[in-house]
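*Asks:* Quick one: structure below, then a few questions.
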Amino acid sequence: MADEIEKKTQFHEMGLDNRLLKAIAKLGWSEPTPIQEKAIPLALDGKDILSRARTGSGKTAAFSVPVIQQILRAKKVLDSNNKHDEQCVRALIIVPSRELSSQAHFMMQQLTACCSQQVTCVDISTEADPQLLKPLLAVKPDIVIGTPSRLLAHIKAGNLDISTSVEWVVMDEADLLFSFGYENDLKSLLAHFPKSYQAFLMSATFSEDLESLKKLVLHNPVTLNLSESQLPMADQLIQYHVICDTEDDKYLLLYALIKLKLVRGKSLIFVNTVGRSYRLKLFLEQFSIFCCVLNSELPVNTRCHVVEQFNQGLYDYIIATDESAVVSTASKSTKSTSVDEKKSKTSGKIKKKKSTKMKEYGVSRGIDFQNVSNVINFDFPTSLQSYVHRVGRTARGEQMGTALSFVVDEEMRVLKKIQKQLSDTNSEEEPLKPYQFKMDEIEGFRYRCKDAIRAVTKNAIREARVKEVRREMLNSEKLKTYFEENPHDLQVLRHDSISRPVKVKKHMKNVPEYLIPPTLKSMYHRVPVKAKRTLPPPSHDVKRDRKKPRFGKPNPKYKKQQEDPLRSFRYVKTKSKV
Ligand SMILES: Nc1ncnc2c1ncn2[C@@H]1O[C@H](COP(=O)(O)OP(=O)(O)OP(=O)(O)O)[C@@H](O)[C@H]1O
């Protein structure tokens, strides 16, 4: 029987260079993920690949490993022929956003840690001015990573020539390249490609855009469409939904879950609009629950900074806005109603607005937030795609994760739809299990909660948004010289940014004993009170806290799960309101 079980190909059986194997070992990866196991050998065999694998399944390394391996191999051949001086750009990694560019660069750096002298890599999305990166490109790094527009800008500026030397082209998050509005840039870029090259298209979803790209870029490709589910299995990712009677109940529940330490570890909280992200941030801050916001309004520098700080453990909570879902629904309904159609035909403005929004599609999409224990859908997403991408920010790689969705009456229809779309035909269980929580047990919190909701006025939200802009100005490289010459302006700006739109209420930081529900008392006191927040705080490491299962194989020794209140919560198999 055991012989029948197909043996998994390990990294060391793929013919990889020792330096690469050493780097993989350093990352603590004991075995390849399914997409890596399939894609790496095919790529090393010279095949073009179109690959779809679920979010968080290790696609970045699935193309990075073979690219590095082939560069090492090519260099070995050159060395043996004494052609040491033939340095050139050999691989292009094309990504749809600057965040993803620096992420792919970071992964490349980690994988080339033991051969960084031999394989060089540059991320050209860091600087807007092509001239600033000219010296870095002049030495012809082996791998160049960037967005289509930045690559094109450097080609046009004469800093980069890809017409003869490039042997490997990768398009990561390929389906987004078109929806981010890069179609024309991509087509122009293609005109600079050499006649023959090996190409990989990586994506978490198959779409029409991907089909178009496939025709443009790939030659006779192998299609890898991993038939795994869109999200990790229930032993790695546990999904709950909780029905809230009113909008205020969402605030009450989140506040109580965090304060009662039922939500532990780093969490991403998703809302549907930018305004709501500031509203929630200001609400939570009154209870000394500090978090940062991530939305498409923020400049890309700030967004990268937020992700960096979160990954370093400076914050435990990010409130992310995922307008993509709202926008795509809006565009669909525009198509389906004749009245709206007329409107969009007559009003060029509407169309324009839509396309800029599409460019901003999902600021969190594809981002590898590190060690996220929980994804909380404060607002329920409006499509399956959006749900999958949000929830895919947790339980990444081999880690465990929990997704908890708050649902009010108006969101019930979408919940029902997503339950159906995600359900396993062999099981009667709903994928998003009902999270049993007795709201009346936290009634005592309601008075404080109402008070805090009231304090978040429209003015306070506007001030919070302005504050972000001020902060951006303070961090701006471009304004540095101006502030050096005008120190008074800098002082005023600094002073302004200290004030808070809504006051932190110190007495609301702690939960008095009488508010703790009797059923939760023992659990509440078992969890050690966090050390006073100083920067950097002790980051909550999921790896440390939770024994992880290997890919596809749950770890039987996994015990700590029972200690995490969210994961160990028992759900009752009664039908929810859905
Ligand atoms: N073989 C492996 N073993 C364990 N962890 C891995 C392995 N390969 C990658 N990882 C980790 O898994 C996480 C997710 O990887 P990656 O960002 O490449 O996923 P992805 O498939 O590109 O996701 P998305 O579609 O959301 O961008 C990363 O933190 C990475 O370090």
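Nothing in this text is a laboratory measurement; each read-out follows from the coordinates by a stated rule. Since the model is a prediction, treat every value here as computed from it, not as a measurement. Neighbour counts run over all protein chains shown; Cβ positions are idealised from the backbone, glycine included.
*Asks:* Based on the Cβ-Cβ distance of residue 235 and residue 208, what FRET efficiency does E = 1/(1 + (r/R0)^6) give at R0 = 35 Å, to the nearest 0.05?
*Replies:* The value I calculate is 0.55.
*Asks:* What relative contact order, as a whole-number percentage, does the stretch 2-225 give when Cα pairs under 8 Å and 6 or more residues apart are counted?
*Replies:* Normalised by residue count, the contact order of the stretch 2-225 is 27 percent.
*Asks:* Return 387, 182, 514 ranked ascending by Cβ neighbour count within 10 Å, so the fewest neighbours appear first.
*Replies:* In increasing order of surrounding Cβ atoms, one gets 514, 182, 387.
*Asks:* Quick one: net charge of residue 192's neighbours, Cβ under 13 Å, K/R +1, D/E -1?
*Replies:* Combined, the nearby Lys, Arg, Asp and Glu give +1.
*Asks:* Report, in listed order, any pair from 59/250; 266/433; 140/187 with a Cα-Cα distance greater than 25 Å.
*Replies:* Violating the 25 Å Cα-Cα cut-off are 59/250.
*Asks:* Assigning unit charges at the beta carbon (Lys, Arg +1; Asp, Glu -1) and nothing else, what dipole magnitude in debye, to the nearest 20, does the stretch 1-63 show about its Cα centre?
*Replies:* Computed about the Cα centre, the dipole is about 380 debye.
*Asks:* Using a/c under 1.5 as the rounded threshold, could you call the stretch 2-225 rounded, prolate or oblate? The axes a ≥ b ≥ c are square roots of the C-alpha gyration tensor eigenvalues, and prolate needs a/b larger than b/c, oblate otherwise.
*Replies:* Oblate is the answer for the stretch 2-225, as a/c is 1.5 or above yet b/c matches or exceeds a/b.
*Asks:* Using a 10 Å cut-off around each Cβ, can you sort 522, 203 from fewest to most neighbouring Cβ atoms?
*Replies:* Going from least to most buried by this count: 522, 203.
*Asks:* While we're here: Counting other beta carbons within 10 Å of each residue's own, what order do 380, 206 fall into, fewest first?
*Replies:* If I rank by nearby Cβ atoms, fewest first, I get 206, 380.
*Asks:* Let me ask you something else. Per 0.36 nm of contour for each residue apart, how much would the distance between residue 139 and residue 116 grow if the chain were fully extended, relative to their Cα-Cα spacing?
*Replies:* 6.8 nm
*Asks:* With a Förster radius of 51 Å, plug the Cβ-Cβ distance of residue 109 and residue 245 into 1/(1 + (r/R0)^6) and report the FRET value to the nearest 0.05.
*Replies:* FRET efficiency, residue 109 to residue 245: 0.55.
*Asks:* Give the shape of the stretch 171-232 as rounded, prolate or oblate, defined through the alpha-carbon gyration tensor: a ≥ b ≥ c are the square roots of its eigenvalues, a/c under 1.5 means rounded, and otherwise the shape is prolate if a/b is larger than b/c and oblate if not.
*Replies:* Because a/c hits 1.5 or more and a/b fails to exceed b/c, the stretch 171-232 counts as oblate.
*Asks:* Which residues does a label at residue 87 reach in the stretch 160-182, if reach means a backbone N under 18 Å from a point 7 Å past the Cα toward the Cβ?
*Replies:* Residues 160-162, 165-167 fall inside that zone.
*Asks:* Kindly flag which residue pairs out of 26/76; 261/420; 7/75; 134/467 have an alpha-carbon separation exceeding 25 Å in this structure.
*Replies:* 261/420; 7/75; 134/467
*Asks:* If you don't mind, there's one more thing I want to ask. How many angstrom separate the Cα center of the stretch 217-245 from the Cα center of the stretch 1-64?
*Replies:* 18
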